[in-house]
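Note sheet for the following structure.
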Amino acid sequence: MKPPSVAGPQPSRYGKAIGITVAAVLGPVFALAIVASVLASAMGWKASSLPSASMQPGLVVGDMFFIDTRAYTNGRLPARGDIVPHYVPPGQAQARDNDGKRVEYLKRIVGLPNETITMSKGIPAVNGIPFTQRFAALDPPRWRGGEQPRRVREEMPRGQSYELLYYSSNSLYRDGGPFVVPDGFYFVLGDNRDDSLDSRTGKPNGWYVPIADIIGRANFIYWSSFERLDRIGMAVK
């Protein structure tokens, strides 16, 4: 005699409703992401992500964004304030990964070819003209044992403004220079000024990025996390 069959656990009405709701919400999001990816590729945009905290607070770990690989073609040159992915110059300790591939960084252009950059108390000056900085806010404790960083708004002379992070316990690279930028090269800094390997930290006298090693210009965030959906579509600036 055949034993009676035992039905497995059945999904509840609430479970089905949640599944339908999630599909209804996320379905269009993923569809839009696919369409955006196809269009971006056609325009010469490349998908990238931020694996480090060196560009906080404007870009956070986990942000995924597009790079316009055609930004500096047809005679167009990088501008002060642009956020650019670039290869680490040869000769630096971090220039290649364990597989021998060139390492990419994401930094902000501060110095242009043939300019002289100095750093005083964390504030850059270009050819003797200093940037301006003013206190903006205190961020939640993080990084070194829960230290609370200061958020500062920096403004370039006749240029854009953006926010930086500073930590009270790290002032190793706040003073330096003069850094004389060679012709055809650029001086770059991270917005998280106390947690960034950039042109200040190169040995022996800083390092500079040739235009040939600039991959493009970061432009729009296309994904961050489910907790940060409001960042989708934000301009990188």
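The values are calculated or read from the model by the stated rules, or taken from the named source; none is laboratory data. As the structure is a computational prediction, the values presented were derived from the model and not from experiment. Reconstructed Cβ throughout: ideal geometry from the backbone, glycine too, with neighbour counts over all protein chains shown. Remember, those area values only see protein heavy atoms, side chains included, never the ligands or the DNA or RNA. Shrake-Rupley method; radii C 1.70, N 1.55, O 1.52, S 1.80 Å.
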Requested in this report: List the number of the failed condition for Arg96; all other conditions in (1) out of contact with any strand residue (DSSP E or B) (no Cβ under 7 Å at 6 or more places or on another chain); (2) open to solvent by 80 Å² or more (accessible area, probe 1.4 Å) hold.
Outcome: (1)
Query raised in the report: Name the pairs: first residue in region 69-82 and open to solvent by 50 Å² or more (accessible area, probe 1.4 Å), second residue assigned to a loop (DSSP other than H, G, I, E, B), Cβ to Cβ under 7 Å, at least 6 apart or on different chains?
Result: Thr69/Gly44; Thr69/Ile215; Thr69/Gly216; Arg70/Gly44; Arg80/Leu112; Arg80/Met156; Arg80/Gly159
Query raised in the report: Identify, please: which residue in region 172-214 is buried (at least 17 other Cβ atoms within 10 Å of the Cβ), over 21 Å from the mean Cα position of the chain (by Cα) and among the hydrophobic types (A, V, I, L, M, F, W, C) and is, among those, farthest from Gly122 (Cα to Cα)?
Result: Val181
Requested in this report: Return the pairs, sorted by first residue and then second, in which the second residue is surrounded by fewer than 17 Cβ atoms within 10 Å (Cβ to Cβ) and of a type in the set (Asp, Glu), the first residue lies in region 102-124 and is under 18 Å from His86 (Cβ atoms) and free of Cβ contacts under 8 Å to residues at least 60 places away in the same chain, the beta carbons are less than 7 Å apart, and the residues are 6+ apart or on different chains.
Outcome: Val103/Asp97
Report task. Just give me the residues in region 104-118 being open to solvent by 10 Å² or more (accessible area, probe 1.4 Å) and either at negative phi or touching a Cys at 6+ places or on another chain (Cβ under 8 Å) (or both), in sequence order. Result -> Glu104, Tyr105, Leu106, Leu112, Pro113, Glu115, Thr116, Thr118
Query raised in the report: For region 139-237, which strands (runs of 3 or more DSSP E) that fit wholly inside it have 2 or more residues that are more than 20 Å from Met119 (Cα to Cα) and not hydrophobic (A, V, I, L, M, F, W, C)?
Result: 217-223
Query raised in the report: Which condition number in (1) touching a residue at least 60 places away in the same chain (Cβ under 8 Å); (2) open to solvent by 80 Å² or more (accessible area, probe 1.4 Å); (3) of a type in the set (Lys, Arg) is the one that Arg151 fails?
Result: (2)
